[in-house]
Amino acid sequence: MSETSASLADIQPRKAPVQARSRARFETILETALALIMEQGSDTMSMREIATRAGISIASLYQYFPDKAAIIATLAERCFEEGRDYTEAVFAPVRDPVAFEHAVQTLAEGHFARLRDDPASLAIWRASQSDPRLQAQDDADEQAHTRIVSEALGRAAPHIAAEKRQHYARLMVSVLSNCIRTSVQHAPEEGRVALELCQRYVLTPSLNAFFSQNEEA
């Protein structure tokens with residue numbers, strides 16, 4: 001098992017709820033934790049506080065989650081899944097370089113708007129930076145986005161070597177992710193300017209340079 005896989009295994013829920021009552025309690029725990037994260041951040045949030053606010057015993061809480069990192073990871077995975085679905089949908093029609101560049105712009109705008117306009121998503125992302133195991137989950141999500149982008153590059157630029165497409169996809173996803181997350185830390189107008197600068201001076205020139213290659217795989 002890789003180090004990343006081991007880290008992710010540490011932050012899984014202890015059991016998946018099956019019965020309706022258990023599912024309702026599971027969701028109550030998640031909703032309560034999210035409310036606390038949005039109110040005060042994740043650093044000061046405790047398992048006992050979650051249990052008290054949710055109206056359950058601390059023993060019941062531990063039946064579902066080993067620690068608060070596992071709760072944050074469950075919330076984060078739901079956000080990540082929505083993000084991956086969006087990325088898949090944006091890149092699904094891509095068949096040429098022009099469509100790929102348009103998809104990158106759409107992706108940047110969409111993910112930026114989601115973090116900017118949805119306080120819950122932003123709060124969950126900030127909470128996910130608080131533990132190395134949660135950062136491993138973030139890395140795994142970035143790898144999934146890289147796969148989606150790399151596959152789209154394969155359709156848009158099949159003449160470029162697969163290894164180069166993979167490396168570029170990884171770089172592009174990392175740069176775009178950092179750009180979006182940095183931009184949403186600013187006031188709305190400043191964030192918008194930061195995102196536009198990233199697109200104009202980093203993403204667009206790099207895309208032009210990448211697609212200008214003529215090597216065969």
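I'd like the orientation of helix 188-198 relative to the chain: the angle between its Cα long axis and the longest Cα principal axis, in ° from 0 to 90, rounded to 10.
40
So which cysteines of the chain have no other cysteine's Cβ under 4.7 Å from theirs?
Cysteines of the chain left without a disulfide-compatible partner: 79.
Please identify, among 161, 123, 76, the residue showing maximal mean-square fluctuation in a Gaussian network model of the chain using a 10 angstrom Cα cutoff.
Largest GNM mean-square fluctuation: 161.
Give the shape of segment 110-217 as rounded, prolate or oblate, defined through the alpha-carbon gyration tensor: a ≥ b ≥ c are the square roots of its eigenvalues, a/c under 1.5 means rounded, and otherwise the shape is prolate if a/b is larger than b/c and oblate if not.
Oblate.
Classify segment 5-98: rounded, prolate or oblate, from the alpha-carbon gyration tensor (a ≥ b ≥ c, eigenvalue square roots; a/c under 1.5 rounded; otherwise prolate if a/b is larger than b/c)?
Values: a/c = 2.38, a/b = 2.08, b/c = 1.14.
Verdict is prolate for segment 5-98.
Can you send over the carbon and sulfur percentage of the accessible area for segment 53-165, probe radius 1.4 Å, protein chains only?
53
Just the number, please: Stokes-Einstein D of segment 151-196 in µm²/s, Kirkwood Rh from C-alpha pairs, 4 °C, 1.567 mPa s.
108
Dipole magnitude of segment 3-159 about its Cα centre, charges +1 at Lys/Arg Cβ and -1 at Asp/Glu Cβ only, in debye to the nearest 20?
It works out to roughly 640 debye.
Over segment 1-149, calculate the relative contact order: mean separation of alpha carbon pairs under 8 Å at least 6 apart, over the residue count, as a percent.
Relative CO of segment 1-149 lands at 35 percent.
Relative to the longest principal Cα axis of the chain, at what angle does helix 97-117 sit, 0 to 90 degrees, rounded to 10?
The angle comes out near 30 degrees.
Ranked highest first by the average count of other Cβ atoms within 10 Å around their residues, in what order do 94-102, 126-134 fall?
Those peptides, ordered most packed to least, come out 126-134, 94-102.
The values are calculated or read from the model by the stated rules, or taken from the named source; none is laboratory data. These figures come from a predicted structure and were not determined experimentally. FYI the Cβ positions are ideal-geometry reconstructions off the backbone, even for glycines, and counts take in every protein chain you see. Areas reflect the complete protein model, heavy atoms only, side chains present, ligands, DNA and RNA absent. Shrake-Rupley method; radii C 1.70, N 1.55, O 1.52, S 1.80 Å.
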